[in-house]
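Encoded as structure tokens, the structure appears first; notes follow it.
What follows is calculated from the coordinates using simple rules that are stated; it is not laboratory data. Given the structure is predicted, the values throughout are model-derived calculations rather than measurements. Quick reminder, even Gly has a Cβ in these numbers, built from the backbone with ideal geometry, and neighbours come from all protein chains shown.
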Amino acid sequence: MRVPQAPLGIIVVMDEQPGVVRDTLDAARFATLQLDSGTFVPDGVPSRECVRAMIDQLLAATDWIAARQELAGLGVGIFGSAAGGTAALAAAAERPTAFRAIVARDGRPMLGGSALGGVLAATLLIADRQDDASVAFSQDAMARVQGIAELEIIGATDAGTAAHVANLARRWFARFLQ
């Protein structure tokens, strides 16, 4: 976990390659807690059991954050990519008041649509325009989430994509965690 002086909020990062995103969030004075989503998706194809394990890890991390005195009063957000994005939305549906903001990149349609109605957190969905399943899931999720929801469709093969995603996440968390 990284905690800067006077953090603006805390973001749980569930991304197999968190480098640019986490560094950008750290530079913007957000505390970050990195969870290893790769542990749950060893062959690259997440099963429902893998996603459930990721949800449980996110909820356990949330409990751990709540018990930390130095983090008391900070808004909590989640940045999740691929199966981590799906798990972020599911965790927010299970604990609607635990999270203020979610950024989910390239989520997958493993989460029942009705469960998304429990998501109250401000939700930014980021989808690769070349990934029809991710775009469709994100459009459906945006319509079902009860909180503020926006969709950004990007080109994953464009130069600077990681930095672009990181900046979208930074702006979203700055808007909703402060």
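A few remarks follow.
- Listed peptides 132-141, 76-85 by packing density, highest first (mean Cβ within 10 Å): 76-85, 132-141
- Magnitude of the charge dipole for the range 139-178, about its Cα centre and with charges confined to Cβ atoms of Lys, Arg (+1) and Asp, Glu (-1), is about 200 debye.
- With θ taken as phi - 60° and the Karplus curve 6.51 cos²θ - 1.76 cosθ + 1.60 applied, the whole-hertz 3J(HN,Hα) list for the range 10-16 is 10, 10, 8, 9, 10, 8, 5 Hz, x standing for glycine and proline.
- Placed amide H near Thr123: partners under 5 Å, 5+ positions off or other chain: Ile102, Ile148, Ala149, Glu150
- For Arg2 and Arg175, a Förster radius of 25 Å and the Cβ-Cβ distance give a FRET efficiency of 0.75, rounded to the nearest 0.05.
- The relative contact order of the chain, computed from alpha carbon pairs under 8 Å that lie at least 6 residues apart in sequence, is 21 percent.
- Kyte-Doolittle mean at least -0.5 and Cα axial length at least 15 Å: DSSP H helices in the chain: 48-66, 83-94, 132-144, 161-177
- Residues whose placed amide H lies under 5 Å from that of Ile153, excluding near-sequence neighbours: Ala127
- Entry for mean projected area of the Cα convex hull in nm² (calculated from the structure that is shown) out of (1) 11.5; (2) 11.0; (3) 8.9: (3)
- Counting DSSP beta bridges with both ends in the chain, the antiparallel % (nearest 5): 5
- Ranked by the mean number of other Cβ atoms within 10 Å of their residues, highest first, the peptides 99-107, 120-128 fall in the order 99-107, 120-128.
- Using the Cβ-Cβ distance between Asp36 and Trp64 with R0 set to 22 Å, the FRET efficiency from 1/(1 + (r/R0)^6) comes to roughly 0.90.
- Taking Glu16, Glu150, Glu70 as the candidate residues, the one with maximal mean-square fluctuation in a Gaussian network model of the chain, Cα springs under 10 Å, is Glu70.
- Each of Val21, Ala174, Gly80 was placed along the dipole of the range 11-177 (beta-carbon charges, centred on the mean Cα), and the one lying farthest toward the positive end is Ala174.
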